[in-house]
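The following block contains the structure, expressed as structure tokens.
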Amino acid sequence: MTAITHDHLLPIPGSNGGFPGKRLLVVCDFDGTVCSVDMGNVFLERFAEDWEEIDRSYSAGEIGSRAAYRRIAPFFRANRPQMLDFVLRHERLDPFFPDFLSFCRGRKIDLKIVSDGLDFYIEAILRKYGLDVEFYSNRLIFREDDRIDFAFPLANEKCGRCGTCKRSLIDRFRPDYDRIIYVGDGYSDVCPARAVDQVFAKPILYEKCEKNGTPCLRYEDFGDIRRCLENISSSNASASVTKP
Ligand SMILES: [Mg+2]
């Protein structure tokens with residue numbers, strides 16, 4: 001049994017399983033979060049040469065994702081059918097995500113995906129499961145001769161580190177919501193996690209949040225997050241959820 005306590009969970013007043021008067025948004029990372037595997041890594045390992053060294057530099061914080069994508073692009077070889085087939089065979093959607101999405105919609109909680117990954121596989125995976133979710137990400141552009149390019153329509157030119165600036169997106173969403181919950185797992189989630197009201201984190205993000213003092217909760221899948229939201233919506237702010 002893995003017990004997930006939420007000592008840091010901010011109370012969200014509510015009754016009858018809802019959140020009346022509160023505009024609540026759940027923002028989810030995609031790779032390693034909505035999709036249990038990091039599709040971006042799997043994808044680049046398969047189709048891009050010399051990815052490992054670039055990934056090492058990225059993980060060590062020596063370069064940002066935008067620079068990493070730009071270095072990778074010339075070594076990338078694949079066409080659309082090959083990539084689609086690969087994505088659909090290797091994706092691993094969090095099995096609790098569709099149910100979590102229905103739960104949110106039933107409670108009038110908005111959910112958006114922000115990703116520093118690529119639109120091509122996010123769109124393919126959501127379509128496979130019939131999930132209609134607003135998402136924000138980098139773009140994969142197909143060229144001739146199995147070559148590709150990356151585009152970064154959501155980059156922050158002042159910073160320039162990430163392909164998609166999740167922090168800017170949080171700032172854009174903020175005026176429409178009273179409370180924002182963030183769900184993520186990795187390096188690109190550290191910055192947006194500092195700008196939200198509640199963070200659910202897997203190991204890399206959790207460690208970074210611990211170091212920089214951002215309150216957060218460990219989770220394993222979207223079933224855990226649903227149980228937390230159910231608990232606080234029934235005004236049981238001190239409860240814990242358990243996972244078999
Ligand atoms: Mg991730």
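Can you tell me which residue in region 197-220 is farthest from LEU101 (Cα to Cα), limited to those that are open to solvent by less than 10 Å² (accessible area, probe 1.4 Å) and part of a loop (DSSP other than H, G, I, E, B)?
Per the stated criteria, the residue is CYS216.
Please tell me if ALA68 is modelled with pLDDT of 90 or more and either in a loop (DSSP other than H, G, I, E, B) or within 16 Å of the ligand (Cβ to nearest atom) (or both). Steps first, please.
Values: modelled with pLDDT of 90 or more: yes; either in a loop (DSSP other than H, G, I, E, B) or within 16 Å of the ligand (Cβ to nearest atom) (or both): yes.
So ALA68 fits the description; yes.
Another one. Return the pair list, or none, for Cβ contacts closer than 7 Å from residues in region 28-42 that are under 17 Å from ARG127 (Cα atoms) and within 9 Å of the ligand (Cβ to nearest atom) to residues that are in a loop (DSSP other than H, G, I, E, B) and basic (Lys, Arg), at least 6 apart or on different chains.
The qualifying pairs are CYS35/ARG92.
Taking region 125-139, which residues are part of a strand (DSSP E or B), without any contact (Cβ under 8 Å) to a residue 40 or more places away in the chain and crowded, with 16+ Cβ neighbours inside 10 Å?
To start, the set of residues in region 125-139 that are part of a strand (DSSP E or B) comprises 134-139.
Keeping just the survivors that are without any contact (Cβ under 8 Å) to a residue 40 or more places away in the chain gives 134, 136, 139.
Across region 125-139, the qualifying residue is only TYR136.
Tell me which residues, restricted to region 102-124, are open to solvent by 10 Å² or more (accessible area, probe 1.4 Å), closer than 27 Å to ARG167 by Cβ and either free of Cβ contacts under 8 Å to residues at least 40 places away in the same chain or not in a loop (DSSP other than H, G, I, E, B) (or both).
PHE103, ARG105, ASP110, LEU111, LYS112, ASP116, ASP119, PHE120, GLU123
Looking at (1) in contact with a helix residue (DSSP H, G or I) (Cβ under 9 Å, 6 or more places away or on another chain); (2) touching a residue at least 24 places away in the same chain (Cβ under 8 Å), find the lone condition where ASN79 falls short.
All conditions pass for ASN79, except number (1).
Listed residues PHE75, PHE43, PHE120; which is over 17 Å from the mean Cα position of the chain (by Cα) and of a type in the set (A, V, I, L, M, F, W, C)?
Details: PHE43 fails: over 17 Å from the mean Cα position of the chain (by Cα); PHE120 fails: over 17 Å from the mean Cα position of the chain (by Cα).
Testing whether each residue is over 17 Å from the mean Cα position of the chain (by Cα) and of a type in the set (A, V, I, L, M, F, W, C) leaves just PHE75.
What is the number of the single condition among (1) in contact with a helix residue (DSSP H, G or I) (Cβ under 8 Å, 6 or more places away or on another chain); (2) assigned to a loop (DSSP other than H, G, I, E, B); (3) away from the ligand (no atom under 16 Å from the Cβ) that GLY163 does not meet?
Every listed condition holds for GLY163 apart from (3).
In region 140-151, which residue that is free of Cβ contacts under 8 Å to residues at least 60 places away in the same chain and acidic (Asp, Glu) is farthest from ARG77 (Cα to Cα)?
GLU144
Give me the residue from region 173-196 that is away from the ligand (no atom under 16 Å from the Cβ) and either among the acidic types (Asp, Glu) or under 17 Å from ASN138 (Cα atoms) (or both) and, out of that set, most open to solvent (accessible area, probe 1.4 Å).
Ranking the candidates gives ASP176 first.
The values are calculated or read from the model by the stated rules, or taken from the named source; none is laboratory data. These numbers come from a predicted model, not from an experiment. Positions of Cβ are generated from backbone atoms using ideal geometry, with glycine treated the same way; all protein chains shown enter the neighbour counts. Just the protein is used for accessible areas: all its heavy atoms, side chains included, with ligands, DNA and RNA removed. Shrake-Rupley method; radii C 1.70, N 1.55, O 1.52, S 1.80 Å.
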